[in-house]
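Here is the structure we will look at, set down as structure tokens.
The values are calculated or read from the model by the stated rules, or taken from the named source; none is laboratory data. Here the structure is a predicted model, which means the values were calculated and not measured. When we count neighbours, we look across all protein chains shown, and the Cβ atoms used for this are built from the backbone with ideal geometry, even at glycine. Heavy atoms of the whole protein, side chains included, go into the accessibility calculation; ligands, DNA and RNA do not. Shrake-Rupley method; radii C 1.70, N 1.55, O 1.52, S 1.80 Å.
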Amino acid sequence: MSKDMEDRLAENEALLMEPREDYDDCIVGVGYRFNDGPLAVYSMPKVLKVMEDSGMEPEEAEEFFQVNTLGAWVGEGTPIFVELI
């Protein structure tokens, strides 16, 4: 992630997935919600690939992601997840 992007996200207290060394490469952009942003935008397929590379089976990674990542609201800095078509 570029220093400029990191600074923009930090200014808004945007939350980033941990460990950053695994998930920063999954960031595909910066997003905005009504009165909220900039926020980190993650690629869902890339995040799932990181989870699978850490030892999870594809179904396990999908379930974990749906429940614990996509399903988690952790405040205004909550990241956005996209699946590009």
- Task: State which residue is nearest to the chain's Cα centre (by Cα) when the search covers only the stretch 63-83 and only residues that are modelled with pLDDT of 90 or more and of a type in the set (Asp, Glu).
- Result: Glu83
- Message: All but one of (1) surrounded by 10 or more Cβ atoms within 10 Å (Cβ to Cβ); (2) not in a helix (DSSP H, G or I) hold for Tyr23; state the number of the condition that does not hold.
- Response: (2)
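To keep it simple, each residue is scored yes or no on (1) more than 14 Å from the chain's Cα centre (by Cα); (2) at pLDDT 95 or above.
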site: Met1; (1), (2): no, no
site: Leu9; (1), (2): no, no
site: Phe34; (1), (2): yes, no
site: Met44; (1), (2): no, yes
site: Met51; (1), (2): no, yes
site: Ala61; (1), (2): yes, yes
site: Ile85; (1), (2): yes, no
- Of residues in the stretch 46-85 being in contact with a Ser or Thr (Cβ under 9 Å, 6 or more places away or on another chain), assigned to a loop (DSSP other than H, G, I, E, B) and farther than 16 Å from Leu16 by Cβ, the one most open to solvent (accessible area, probe 1.4 Å): Leu84
